[in-house]
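Structure, as structure tokens:
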Amino acid sequence: MKPAPFEYHAPASTEAAVELLAELGDEAKVIAGGQSLMPMLALRLAVPEHLVDLRRVERLCGIESRVDSVWVGAGTTHTTVGRSAEINRAVPLLARATPLIGHAQIRNRGTLGGSVAHADAAAEYPAVALVLNAQLETLSPRGRRTLSASDFFTGMWSTELAADELLTGIVFPARRGRCGFAIEEFARRSGDFALAGAVVAVGLDADSHIDRCGIGLFGLGPTPIRSTDLEAELIGRNSAEVDLHEVGRAATEPLDAVPSDLHGTADYRKRVGAVMVARAWRRAVEEATND
Ligand code: FAD
């Protein structure tokens, strides 16, 4: 199938883009890399009358080191994120998540902001943003605002963004102290969305007690999920005494909205999820221990 006819707009600035969105209302849709939206247009799952293309908006692209963080423009492609020496150094989890997204062609066009705004519950970047406590910067005709990743994802493919609001950039805290990061996922074929995946960030004090941790799950509910109760229980424990299989079980047992479809039942996904958490936990703790 081909997309239904639409009018094409290519504003040169974020301000012009949000003005257009406000003017065109519900009939308009933003397009960035098109890697999620184009298939939806082709299948006529989305039928906007206007497409507002962000490709000409230079200010949406780039990677900027700040004092304790790294800012990444929403229009920065997955490939640029994955190849950035600064991201590899300061936000290694984001770099490690990148090769797991689709295929090289998709990563060449797809953008960080597109992935996070699309909010697919099985996508890697939203889970990474959640676990790293990323701050999401937006612009609308009402001005700028900054949202925590923990407040951003509201349901399957839905977020806090208003219809006339753009995601402009994401601020990721830079790694500090003794820490380790890992992402693990299971997909039936390389490049497919994961059936279940886990993201772990862990910090250790000088005696190897856990002083910070984040455990995130993707593909296991309507949004990326953070295991906040489990994280609180783990803080203060000696990392060598934590049973990784117990961490996997404890992260997945409370889940009550796991998808069940022809790719896998909810029970199967939960069991795979527990293994992904255990693997990610082991790798993150190993890295922090050797840091
Ligand atoms: P688009 O497709 O252009 O837009 C997606 C949505 O976000 C649209 O609703 C659009 O209006 C909105 N949007 C885009 N930018 C902004 C912005 N700045 N502000 C507000 N709204 C915005 N993704 C994964 O995470 N993991 C995978 O394993 C994976 N596998 C894939 C396999 C295939 C075969 C394909 C086709 C895609 C796959 N994807 C996967 C999706 C891919 O990562 C997309 O690039 C990404 O989800 C969307 O980024 P985009 O820039 O292409 O956004």
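The values are calculated or read from the model by the stated rules, or taken from the named source; none is laboratory data. Everything numeric in this text was worked out from a predicted model, so none of it was measured. In this analysis, Cβ positions are derived from the backbone assuming ideal geometry, glycine residues included, and neighbour counts consider all displayed protein chains. When the accessible area is computed, the model is the full protein with side chains, heavy atoms only, and any ligands, DNA or RNA have been set aside. Shrake-Rupley method; radii C 1.70, N 1.55, O 1.52, S 1.80 Å.
Could you list, in sequence order, the residues of the stretch 11-50 that are within 12 Å of the ligand (Cβ to nearest atom), open to solvent by 20 Å² or more (accessible area, probe 1.4 Å) and among the polar types (S, T, N, Q)? Result: 35, 36.
Taking every residue in the stretch 52-76 that is in a strand (DSSP E or B) and pairing it with any residue that is of a type in the set (Ser, Thr, Tyr), at least 6 positions away or on another chain, the pairs with Cβ-Cβ distances below 6 Å are 63/84.
Is one or more of the residues making up the stretch 182-193 under 23 Å from residue 31 (Cβ atoms) and of a type in the set (A, V, I, L, M)? No, the conditions are met nowhere in the stretch 182-193.
Hey, among 165, 185, which residue is open to solvent by 10 Å² or more (accessible area, probe 1.4 Å) and within 24 Å of residue 260 (Cβ to Cβ)? After ruling out the rest, the residue left standing is 185.
Kindly evaluate residue 148 against the criterion of being small (Gly, Ala, Ser), at positive phi and either open to solvent by 40 Å² or more (accessible area, probe 1.4 Å) or not assigned by TED's automatic domain parsing to the domain that holds residue 11 (or both). The answer is no for residue 148.
Filtering the stretch 93-119 to residues that are out of contact with any Ser or Thr (no Cβ under 7 Å at 6 or more places or on another chain), near the ligand (Cβ under 8 Å from one of its atoms) and open to solvent by 10 Å² or more (accessible area, probe 1.4 Å) leaves 100, 101, 102, 103, 106, 115.
Conditions tested, residue by residue: (1) basic (Lys, Arg); (2) open to solvent by 10 Å² or more (accessible area, probe 1.4 Å); (3) within 14 Å of the ligand (Cβ to nearest atom).
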residue	(1), (2), (3)
52	no, no, yes
64	no, yes, no
79	no, yes, yes
88	no, yes, no
91	no, no, no
131	no, no, no
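Cβ-Cβ contacts under 8 Å between residues 6 or more apart (or on different chains), taken from a first residue in the stretch 106-123 that is touching a residue at least 24 places away in the same chain (Cβ under 8 Å) and under 14 Å from residue 193 (Cβ atoms) to a second residue that is in a strand (DSSP E or B) and open to solvent by less than 20 Å² (accessible area, probe 1.4 Å), are listed as 121/218; 122/197; 122/218; 123/218. Evaluating residue 179 against the criteria (1) surrounded by fewer than 21 Cβ atoms within 10 Å (Cβ to Cβ); (2) within 15 Å of the ligand (Cβ to nearest atom); (3) assigned to a strand (DSSP E or B) leaves one unmet condition, (2).
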